[in-house]
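Structure first, commentary second.
Nothing in this text is a laboratory measurement; each read-out follows from the coordinates by a stated rule. Since we're looking at a predicted model, the values are computed, not measured. For neighbour counting, all protein chains shown are included, and Cβ atoms are generated from backbone atoms with ideal geometry for every residue, glycine included.
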């Protein structure tokens, strides 16, 4: 069986949900994925409405950035992004009036959209993959190839994170309505909602309402990591494999948070303005899942739910401990593709030892590559070409399993960068 069972720690936040929607300021980092080539559309002292486009990426997959509040642009500041670097950000002061440019009518029948209108709506709403990848969602649907299967990734296999789980419990009817609409718009044969078999509460919540949706089914998957990885998930629930992209086998995958964002865009013409973030870890007094506005400072959210047990000798991780990024503090900003902040007691780093050539990293690798050889050659472009470095999903299992305590994943990430620089 692929993947391994690791400690999840999801019980800390799994059954807790709250809302924090009153930030005094928001910050809009000028970055989309890794793209910092952003056109800014506002200047200091401008008044902006909730939902107004304040910037737009210029890359191949252009996407707008919206203000999640109404208020005044105070200026621009460097703020910590969840990738661990400082990013220029638009600072907006909240007037707490929630003004919008115009009130949109609610769409009663979500399936009334044409394919072209569906894509245009996703694009204008700025919807991206909210599980961490941050890839513009409209690109997946902008295809000439037929979509035969829609997979809803509700696996959330990373330890500690329960944001999708909590959202699924809260918004199950809206999620099912959206899945059904996508099936109708694209004439997709069926949808698979993939859930870990131990998430019985979510399974039961969906089962109670799925009866009338004849083209949908729930498929449970093993409670193993990294079962939520797109390639492994598709193979597990359909038996299909592909070379580069899921559409090669007629599959599109969205996670629960993305599906709900699509619902808001289709139903209310609302762009991506908020998301659920898991705030958890052994140093958080009251771990929970919080619905927050995009651009809210994390330290403010933590204070709103009771704060930390202590604020020194801790480590803050954006995302989960397997694939996330360790941050110097909680002075980070919520973005659409940040699903969690995990705050843990800092532990002394275990010293790296010489590689034992045990091959454990190769045995557990879900991408079937050889992390140890990539580590050895991470600076050598020519050697890396034959090692299929870009198949790595950065799940972190190689580092997790290594008896020599080598940060193998970090070497593989550096190898990817070596190849990118050589292009």
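Neighbouring Cβ atoms within 10 Å as the yardstick, rank 105, 330, 37 fewest first.
Fewest-to-most ranking of 105, 330, 37: 105, 37, 330.
Hey, fewest Cβ within 10 Å first, where do 275, 224 land in order?
Ordered from fewest to most neighbouring Cβ atoms within 10 Å, 275, 224 come out as 224, 275.
Please report the relative contact order for the chain, taking Cα pairs under 8 Å with a sequence separation of at least 6, and give it as a percent rounded to a whole number.
With pairs under 8 Å counted, the relative contact order is 18 percent.
Where the Cα atoms of region 360-421 are projected onto their three principal axes, how long is each span, largest first, in whole Å?
Projected onto its principal axes, the Cα set of region 360-421 covers 30, 19, 15 Å.
Using alpha carbon centroids, what distance separates region 1-20 and region 32-88, in Å?
That distance is 31 Å.
Under the rule of -39500 (n - 2.57) per DSSP H run of 4 or more residues, summed and divided by the residues of the chain, what mean residue ellipticity at 222 nm is obtained, to the nearest 500 deg cm²/dmol? Please report the intermediate quantities before stating the final value.
Details: 13 runs with 109 residues, N = 423.
Value at 222 nm, helices only: -7000 deg cm²/dmol.
In nm, what is the difference between 0.36 nm times the number of residues separating residue 173 and residue 107 and their Cα-Cα distance?
Computed gain between residue 173 and residue 107 is 22.2 nm.
Over region 360-421, calculate the relative contact order: mean separation of alpha carbon pairs under 8 Å at least 6 apart, over the residue count, as a percent. List each step's numbers first, then the result.
On the way: 87 pairs, mean separation 24.6, N = 62.
The value is 40 percent.
May I have the pair-distance distribution P(r) for region 142-194, computed from all Cα-Cα distances with 10 Å bins from 0 and rounded to whole percent?
Result returned by the calculation: 21, 46, 27, 6.
Where the centroid of each part is defined by its Cα atoms, how far is region 302-368 from region 406-421 in Å?
If we compute the Cα centre of each part, the gap is 18 Å.
For region 110-268, count all C-alpha to C-alpha pairs, find those more than 28 Å apart, and express that count as a whole percent of the total.
Numbers: 1550 of 12561 pairs.
When all Cα pairs of region 110-268 are counted, 12 percent exceed 28 Å.
Mean separation of Cα pairs under 8 Å and 6+ residues apart, divided by the residue count of region 16-95: what relative contact order is that in percent? Spell out each step's value before the answer.
Working: 164 pairs, mean separation 26.3, N = 80.
After rounding, I find 33 percent.
Most fluctuating residue of 116, 340, 265 in a GNM of the chain with Cα springs under 10 Å: which is it?
Ranking 116, 340, 265 by mean-square fluctuation puts 116 first.
Given the options 67, 386, 13, state which has the largest fluctuation in a GNM of the chain using a 10 Å cut-off (strictly under) for Cα springs.
Most flexible of the set in this elastic network: 386.
Cut-off 11 Å, label point 7 angstrom out along Cα-to-Cβ of residue 416: give me the residues of region 346-376 whose amide nitrogen falls inside.
Output list for this probe position: empty.
Cα gyration tensor of region 29-135, axes a ≥ b ≥ c as square roots of the eigenvalues: rounded (a/c below 1.5), prolate (a/b > b/c) or oblate?
Oblate is the answer for region 29-135, as a/c is 1.5 or above yet b/c matches or exceeds a/b.
For region 128-172 and region 176-249, compute the distance between their C-alpha centroids and round to whole Å.
First find each Cα centre; the distance between them is then 10 Å.
Let's test the formula: R0 of 30 Å, r as the Cβ-Cβ distance of residue 309 and residue 204. What FRET efficiency results, to the nearest 0.05?
0.35
Which distance in nm do the two modelled labels at residue 346 and residue 98 give, with both placed 7 Å along the Cα-to-Cβ direction?
4.0
Based on other C-beta atoms within 10 Å, arrange 316, 49 from fewest to most.
Working: 316 25, 49 16.
Placing the least packed residue first, the sequence is 49, 316.
Just grab the label-to-label distance for residue 40 and residue 184, each label 7 Å out from Cα along the Cβ direction, in nm (one decimal).
4.4
Return the single residue from 239, 320, 126 with maximal mean-square fluctuation; model: Gaussian network over the chain, springs between Cα atoms under 10 Å.
Taking springs between Cα atoms under 10 Å, the residue moving most is 239.
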